[in-house]
Amino acid sequence: MKSINTALLAALLMPCIAAAQNSGGLKQALTFHASFDKGLDADFSRGDKACLVRTSKGVAPAALNDELKLVPEAGRFGSGLHFTKKGNTRPQFKGARVLGYNATNWNAAVSVWLRLDPDKDLEPGYCDPVQIIGDDTKKGFIFLEWSRDETPRHFRFAIRPLVQIWNPNNLDWAKMTAAQRPAVNLPRAPFSREAWTHAVFSLANLNDKTKKPIGRLHLNGKPVGSIENWDLTLGWNPDAVQLVLGASYVGHLDDLAVFNRALTDAEVKQLFELKTGARELHP
């Protein structure tokens, strides 16, 4: 049996070794991943895996229905979710040990894949495919959204801190200028029915009085905007923080992942380029 040239073997293995080394930081930072390949619950979580919904009687396990379907082999990776119409089904996951919210220095990142034509698929009104909420939206509200009235619909990433900070005069969100909103506002964004769009938002130094807070948005592996020069102090009860999906959303959603810190440009690009999604990062 012929021996393999050591130098040649090393050259062949080098890309695989480099990829594994580069993903090490993402693997350590991953706190949550829901592939939606087999159901609504998370595949991996450092907290609770259960997908829940809020009902008139309280919180209950989430279930598929006419508003929310699991479509086999139609996700970005494997199967995925399809929010078929504007409704009341809003899957949510508990934030404890997943989002890591705290009152002194909060850092996190959320990654999701979306597929839709906002101007053709969304119904009238605001649409938030992803939200982070607490016990009161006046104490803070973080979300991805499509705007209510514009054509084309604007896409935004917003971090609304304590209401007395960002909106002491109770102005209408829709009528505010871009400078008045603590948000990244994109009049045009790369969403379509034909291709998946990767969105990642990062949070750094929120609630930290000694460091500059910042929120950043990436689309398809590239930075597209940031929220800076704002006091981003939130006032949530940590036990009440939730990650919520599909508020008035109509479209496809897949491969939701959460990390315990803000991600660098290089890490977001690497996440975007994973061949089979965030499952590659499971411990």
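Any read-out appearing in this document is the output of simple, stated calculations on the displayed coordinates, not a laboratory observation. Every value quoted in this text rests on a predicted model; they were computed, and no experiment measured them. Glycine gets a Cβ as well: all are built from the backbone with ideal geometry, and neighbour counts include every protein chain shown.
Quick notes on this one:
- Full extension of the chain segment joining Q28 with Q180 gains 51.1 nm, where the gain is 0.36 nm per residue of separation less the Cα-Cα distance.
- The charge dipole of segment 177-283, taken about its Cα centre with unit charges on the Cβ of Lys, Arg, Asp and Glu (plus for the first two, minus for the last two), comes to roughly 240 debye.
- Comparing L26, P91, P187 along the charge dipole axis of the chain, the residue lying farthest to the positive side is L26, per the Cβ-charge model.
- Charge-dipole axis of the chain as Lys and Arg at +1 and Asp and Glu at -1 on Cβ define it, positive-most pick from T151, G100, V200: G100
- For segment 31-281, the average shadow cast by the Cα convex hull is 12.6 nm², which is a quarter of the hull's surface.
- Helix axis angle, 6-22 relative to the chain longest principal axis, alpha carbon, degrees: 10 degrees
- Within the chain: Cβ-based charge dipole about Cα centre, in debye rounded to nearest 20 (Lys, Arg +1; Asp, Glu -1): 360 debye
- Fraction of antiparallel bridges per DSSP, segment 163-283 only, in percent to nearest 5: 100 percent
- Here the simple spin-label model places points 7 Å from the Cα toward Cβ, and for K38 and I165 these points are separated by 4.1 nm.
- With 0.36 nm allotted per residue and the present C-alpha distance subtracted, the A50-R188 stretch has 46.2 nm of extension available.
- Summed residue charge, Cβ within 9 Å of A247's Cβ, Lys/Arg positive, Asp/Glu negative: -1
- Over 15 Å [Cα-Cα, segment 78-179], rounded percent: 71 percent
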